[in-house]
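Beneath this line is the structure, given in structure tokens, with notes to follow.
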Amino acid sequence: MKLVGIVGSNAEVSYNRTLLKFIQKQFSPLFDLEIIEIKDVPMFNQSDDQTNSPVIQKINRQILNADGVIIATPEHNRTIPAALKSVLEWLSFKIHPLENKPVMIVGASYYDQGSSRAQLHLRQILDAPGVNAMVLPGNEFLLGKVKEAFDENANLKDPGTVQFLGSCLEKFIQFIKVVAVIEGPKKIELEPEDLYATGKIDTTIEGVDMYADDWLEQAAQKVGAVEGNTYVKLDRGLLTVDQLNYFLASMPMELTYADNNNQFLYYNQTKPAEEMLAARVPGQVGNPLAKCHPEKVHKNVGYVIQQLRSGAMDAFRVNVPTHGPDKYVVHNYQAMHDKEGNFAGINEFILDFKPIIDWYLKQTGQALVGDVDAVSGASAKDHKTEDVDATSGASMSTKEETTETVDAVSSASVKG
């Protein structure tokens, strides 16, 4: 089960952060807990709408993709901190990730009563229209005299306190399951993808026609891009541009980079298009993704990108069986993120896994046995005679369409 824990303070040192980290460590057999910080969230101001800012959208995605939320709140002047209230304002202004989301409140305070009054106020806020969270009733965990509660390893000292916290968390898990039954599967409405890349991001090169066959040459000249033996400092390396090209070309797979504006920026050109698993040609670099696919698969392309952009999936994989029985070709679409965790685009690699599988079986002396087709992965007894487009998931109406390989994210069909 996946939970997120919101640190209800923007302070550098927070006992409520310590409490969440203890929960994350102590109760890992019960659930995975991802901790959310709010210190970088701007103060709510509806006249300066920051809903689509990376920091707020990241929190939005984290909550949407979680089964439940734990909020750890301090108590400031008998209520919750202004920073936490501001976050809740953003999460109930134009986006509503907490709606019908199971929430548990915990809190730590310097005083005997813990954060009881702040928790009471927080319950009222979470029940407000626009928030509409499903708050776990009762089971109040109020950690008082917090300076004395933790040992030098940031563990709660009192076994009874740990036991009570565990019982509250177990009830929260049961509460999440009950809410899931009541609410049923919830479909998350995601923004449609702009496959024509009409937007602009920090790395967009303006003033160059994305549809131009020589986009790369024009764009490189416009920004003064380095090449040849010019050194590029990487996170953990120093390579020339030529060395980077050698390195990427040596990869035993086809690589593609599409940025978070849905513009196709790179592929490791090692073969002519007709010899590739997913055909690409030099003139495609710079194209919006809509240009890289037949219009009939745009909906499916958008779906894949939505799942990766929203964080619903970290990777999307599909086997394309149209390469023949001697290959097992997998397209892997991997979400890329910057250092702050914001979606940065898609890394696609395409690989024929069959040589690796054959090598593994030879090395280990194992063999594929049973009623399974080792190439397609389909049961021989349940084999469907209807060809399926592995990219879109749609049944193909003609044999000609079936043999047409379409890469779902970054490249054009040879015929398209």
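The values are calculated or read from the model by the stated rules, or taken from the named source; none is laboratory data. Please read all numbers here as calculations on a predicted model, not as lab measurements. Glycine also receives a Cβ, built like all others from the backbone with ideal geometry; neighbour counts cover every protein chain displayed. Areas reflect the complete protein model, heavy atoms only, side chains present, ligands, DNA and RNA absent. Shrake-Rupley method; radii C 1.70, N 1.55, O 1.52, S 1.80 Å.
If I take all pairs of Cα atoms in region 2-183, what percentage of them are more than 31 Å from each other?
Considering region 2-183, 10 percent of its Cα-Cα pairs are separated by more than 31 Å.
To the nearest Å, what is the center-to-center distance of region 110-175 and region 214-237, using C-alpha atoms only?
53
Compute the Cα gyration tensor for region 245-337, then decide on rounded, prolate or oblate, letting a ≥ b ≥ c be the square roots of its eigenvalues: rounded whenever a/c is under 1.5, prolate when a/b is larger than b/c in the other cases, and oblate in all that remain.
Rounded is the answer for region 245-337, as its axis ratio a/c remains below 1.5.
So which of Lys222/Lys339; Lys39/Lys147; Lys58/Lys147; Lys101/Lys145; Lys85/Lys157 end up more than 24 Å apart, counting from Cα to Cα?
The answer is Lys222/Lys339; Lys58/Lys147; Lys101/Lys145; Lys85/Lys157.
Could you pull out every one of the aspartates and glutamates with an alpha carbon less than 12 Å from that of Lys94, ignoring same-chain neighbours closer than 8 positions?
By straight Cα distance, Lys94 reaches Asp49.
Averaging sequence separations of C-alpha pairs under 8 Å and six or more residues apart, then dividing by the length of the chain, give the relative contact order as a whole percent.
In percent, rounded to a whole number, it is 11.
Roughly speaking, what is the centre-to-centre gap between region 22-43 and region 51-104 when only Cα atoms are used, to the nearest Å?
13
If packing is taken as the average count of other Cβ atoms within 10 Å, what order do 85-95, 230-240, 135-145 fall into, highest mean first?
Ranked by mean Cβ neighbours within 10 Å, highest first: 85-95, 135-145, 230-240.
Positive end of the charge dipole of the chain (Lys, Arg +1 and Asp, Glu -1 on Cβ, about the Cα centre): tell me which of Leu126, Ala197, Trp90 has its Cα farthest that way.
The residue sitting farthest along the positive end of the dipole is Leu126.
Mind checking which aspartates and glutamates have their C-alpha under 13 Å from Lys200, skipping anything on the same chain fewer than 8 residues away?
Asp259
Rounded, prolate or oblate: pick one for region 1-57, where a ≥ b ≥ c are the square roots of the eigenvalues of its C-alpha gyration tensor, a/c under 1.5 means rounded, and failing that, prolate if a/b is larger than b/c, else oblate.
Oblate, because a/c is 1.5 or more while a/b does not exceed b/c.
Round to a whole number: what % of the accessible area of the chain belongs to carbon and sulfur, probe 1.4 Å?
51
Would you calculate, for the chain, the mean residue ellipticity at 222 nm contributed by helices, counting each DSSP H stretch of 4 or more residues as -39,500 (n - 2.57) and dividing by all residues, to the nearest 500?
When only DSSP H runs of four or more count, the value is -8500 deg cm²/dmol.
If Lys and Arg each add +1 and Asp and Glu each add -1, what is the summed charge of the other residues whose beta carbon sits under 12 Å from the beta carbon of Gln113?
With Lys, Arg at +1 and Asp, Glu at -1, the net is 0.
Tell me, what is the percent relative contact order of region 2-183, built from C-alpha pairs under 8 Å that lie six or more residues apart?
Result for region 2-183 is 21 percent.
Please report, largest first and rounded to whole Å, the three semi-axes of the ellipsoid equivalent to region 56-164, where each semi-axis is the square root of five times an eigenvalue of the C-alpha gyration tensor.
26, 15, 13
Apply the a/c threshold of 1.5 to the C-alpha gyration tensor of region 152-274 and tell me whether it is rounded, prolate or oblate.
prolate
Which of Lys222, Lys339, Lys39 moves the most in a Gaussian network model of the chain with Cα springs under 10 Å?
Lys339
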